Amino acid sequence: MGNSKSGALSKEILEELQLNTKFTEEELSSWYQSFLKECPSGRITRQEFQTIYSKFFPEADPKAYAQHVFRSFDANSDGTLDFKEYVIALHMTSVGKTNQKLEWAFSLYDVDGNGTISKNEVLEIVTAIFKMISPEDTKRLPEDENTPEKRAEKIWGFFGKKDDDKLTEKEFIEGTLANKEILRLIQFEPQKVKEKLKEKKP
């Protein structure tokens, strides 16, 4: 008996989400109601995900970044996210543990899903991140990281890789844990995402 289309979240999914995230039963239940309003089928498409993501960042252009986020959470590659995948996505990108976030970040940067990251893939994600940074904030960035190309170059340099080298998940996680600068450079400040999520709570 699937509860995906009824008004209540099934007890199993609720318990699993409470176990795996820091969200409360009240938060999850009210998000589920909003989710069903936006997506009556109980599943969210890439386009719908982009639309919802855009509401979090009205002053930016998050479409490219949202596409990559969607891809990284569409575990079964069926082109949709169910509520469970959606909540885990919100949790991982805003309040997850560092290791969880880095595993997710690796899948985000591994654009073609082949298990390694190339310098071009780093540039692709960094370019998407830059579209979410306001022009005023971009002006405040240090000279050596104020364009996507410079930031990608800096990240790649920290890992000590040549231009055509590849980065494994282990190297990515260990390198980032050992160097706070890499962590800062690879992410779109999750604190901002967290604040936006709080503002948008139903």
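The table below lists the values:
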read-out	value
Top-ranked residue in the range 65-97 [being of a type in the set (A, V, I, L, M) and surrounded by fewer than 17 Cβ atoms within 10 Å (Cβ to Cβ); ranked as nearest to residue 184 (Cα to Cα)]	95
Residue list for the range 54-79, restricted to those being free of Cβ contacts under 8 Å to residues at least 40 places away in the same chain, more than 19 Å from residue 109 (Cα to Cα) and touching a helix residue (DSSP H, G or I) at 6+ places or on another chain (Cβ under 8 Å)	54
Subset of the range 45-63 [open to solvent by 30 Å² or more (accessible area, probe 1.4 Å) and either among the hydroxyl-bearing types (Ser, Thr, Tyr) or part of a helix (DSSP H, G or I) (or both)]	45, 46, 47, 48, 51, 54, 55, 63
Matching helices (runs of 4 or more DSSP H) fully within the range 125-182 where at least 2 residues are touching a Lys or Arg at 6+ places or on another chain (Cβ under 7 Å) and at pLDDT 95 or above	148-158
Count - residues of the range 71-117 that are over 15 Å from residue 17 (Cβ atoms), assigned to a strand (DSSP E or B) and in the same structural domain as residue 45 (by the TED database)	1
Within the range 28-44, tally of residues that are surrounded by fewer than 17 Cβ atoms within 10 Å (Cβ to Cβ), assigned to a helix (DSSP H, G or I) and in contact (Cβ under 8 Å) with a residue 40 or more places away in the chain	3
Subset of the range 65-121 (residues that are basic (Lys, Arg) and at pLDDT below 90)	84, 97, 101
The one condition in (1) touching a Lys or Arg at 6+ places or on another chain (Cβ under 9 Å); (2) part of a helix (DSSP H, G or I); (3) within 30 Å of residue 177 (Cα to Cα); (4) not acidic (Asp, Glu) that residue 13 fails to fulfil	(3)
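The values are calculated or read from the model by the stated rules, or taken from the named source; none is laboratory data. Only a predicted model underlies this, so the values are computations on that prediction, with no experimental measurement involved. Cβ sites come from the backbone with ideal geometry, for glycine too, and all protein chains shown count toward neighbours. Note: accessible area is taken over every heavy atom of the protein model, side chains too, but ligands, DNA and RNA are not part of it. Shrake-Rupley method; radii C 1.70, N 1.55, O 1.52, S 1.80 Å.
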